[in-house]
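The values are calculated or read from the model by the stated rules, or taken from the named source; none is laboratory data. Not measured: the values here are computed from a predicted model. Please note: Cβ atoms are built from the backbone with ideal geometry, for glycine as well, and neighbour counts cover all protein chains shown.
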Ligand code: ATP
Ligand code: MG
């Protein structure tokens, strides 16, 4: 984003004009070198937080205790952090307290990987004391300094290393990998949420399977605070992760849940303990429920049509398609159009037996979704109250059931979506049930 870069440069210029140092650092320098899109630009400076606040019109003391001030340049936020080190790591986590330092090189030394420890000045020159650019070119993730010490200081770095290896399709350098294997168990000290955030970036990247493989062989998973039921892992399914769009991320997470053989109950418990937002847990379990319902429904259809004789075959095929259609539409009405679309996106990577059994639905879902004109009771021209008035019976459980029946009939084109047609149908249906 050239506009963001321009604003970033004007920020650096303001710092240097006032006699301070200022550099782009970390992710933005790395991503630019890789030719990847840059989403945010972090800046390191020798100015103290107070001096940064004094220098710019609009600042937010985002992480004052870590020396981080957010500076707004034409509404664009930049994190400006005073050169610092991290000392006295307690419990293998990054410390609450930091110490400000005078030199850029000292600041770069505290960073996790060589490729994340490159600074770029206003003149475009790189400061790269740990040869991060070489490692970027070689495609290598390497700790800054002694890997053993760095993972011992902050165990999250192990997961970050795997995340970066995954996103960039890089290799983890030998000593860094050995140190990781050696310190596996320390991951138990790290908060689940911080691990989840790294995992989300990994899964949303272009090579999620690479990361999962590394994670599996790293031996980290058993030491994580939260259980991941890997025993019956369906690893083949995970190879298809890359075929799914990265966003919305629920699609990939649904495939992971399927590959782990998680049922709805497990999804609820495990996703929650992984601190995923409720909406995510909810959507993943709905997609899986819809998939199961379609599968069970088709199995049932198959078992009834087996009894048909040969000459009725053509008729059966038509009936089959129609019944599949009704099955699909009833799922759309229950779970919503969005979930149905997600299921359809997932269809080509579902396990073989699902793709075979659900072929008719999978092939037509798109067309069927486009044809649908009603999705919920709100799309009907009548309300429960209208039916009550028309038939003059007291409300009861029957009303909701009848409305859903009507909705399905209208949605599948078996009933016109007109008030009088629907009321007439309601009357007949109630008479059939002996309610009227
Ligand atoms: P992205 O934002 O693309 O996820 P990033 O490299 O910017 O990647 P951040 O978590 O935003 O990652 O951190 C910014 C920088 O801070 C990193 O590039 C790295 O230099 C440093 N850093 C982040 N986390 C750690 C850590 N646990 N240990 C040491 N340095 C870290
Ligand atoms: Mg970042």
- Does at least one position in segment 35-54 carry a residue that is part of a loop (DSSP other than H, G, I, E, B) and within 24 Å of residue 153 (Cα to Cα)? no
- Looking at 365, 429, 411, which one is under 24 Å from residue 319 (Cα atoms) and in contact (Cβ under 8 Å) with a residue 60 or more places away in the chain? 411
- Over segment 78-99, the set of residues touching a strand residue (DSSP E or B) at 6+ places or on another chain (Cβ under 9 Å) and crowded, with 16+ Cβ neighbours inside 10 Å is 78, 79, 80, 81, 82, 83, 84, 86, 98
- Task: Consider residue 393 carefully, then state whether it is over 24 Å from residue 336 (Cβ atoms) and assigned to a loop (DSSP other than H, G, I, E, B).
- Result: yes
- Item | Residues of segment 126-148 that turn out to be loosely packed, with under 14 Cβ neighbours inside 10 Å and either in a strand (DSSP E or B) or within 16 Å of ligand 2 (Cβ to nearest atom) (or both), as a count | 0
- Query: Which of the residues that make up segment 396-436 are touching a helix residue (DSSP H, G or I) at 6+ places or on another chain (Cβ under 9 Å) and part of a loop (DSSP other than H, G, I, E, B)?
  - Reply: 412, 413, 414, 415, 416, 417, 433, 435, 436
- Task: Out of 35, 22, report the one residue that is more than 16 Å from ligand 2 (Cβ to nearest atom), assigned by TED's automatic domain parsing to the domain that holds residue 110, closer than 28 Å to residue 2 by Cβ and under 27 Å from the mean Cα position of the chain (by Cα).
- Result: 35
- Message: Filter segment 194-220 down to the residues that are under 18 Å from residue 176 (Cα atoms) and free of Cβ contacts under 8 Å to residues at least 24 places away in the same chain and list them by number.
- Response: 213, 216, 217
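Condition check ((1) at pLDDT 95 or above; (2) in a helix (DSSP H, G or I); (3) under 15 Å from the mean Cα position of the chain (by Cα)) across all residues:
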| residue | (1), (2), (3) |
| --- | --- |
| 248 | no, no, yes |
| 281 | yes, yes, yes |
| 291 | yes, yes, no |
| 315 | no, yes, no |
| 323 | no, yes, no |
- Quick one: count up the residues across segment 95-125 that are outside any loop (DSSP other than H, G, I, E, B), within 14 Å of ligand 1 (Cβ to nearest atom) and in contact (Cβ under 8 Å) with a residue 40 or more places away in the chain. 8
- Message: Among the residues that make up segment 52-59, is at least one of them away from ligand 1 (no atom under 15 Å from the Cβ) and under 20 Å from residue 96 (Cα atoms)?
- Response: no
- Note on the structure: A careful count of residues in segment 157-213 that are within 22 Å of the chain's Cα centre (by Cα) and outside any helix (DSSP H, G or I) gives 8
- Query: Residues 55, 64, 72: which one is surrounded by 16 or more Cβ atoms within 10 Å (Cβ to Cβ), more than 16 Å from ligand 2 (Cβ to nearest atom) and either farther than 28 Å from residue 151 by Cβ or modelled with pLDDT under 95 (or both)?
  - Reply: 55
- Members of segment 335-344 found to be surrounded by fewer than 17 Cβ atoms within 10 Å (Cβ to Cβ) and part of a helix (DSSP H, G or I), listed by number: 337, 338, 341
- Does at least one position in segment 75-91 carry a residue that is under 28 Å from the mean Cα position of the chain (by Cα), within 10 Å of ligand 1 (Cβ to nearest atom) and not in a helix (DSSP H, G or I)? yes
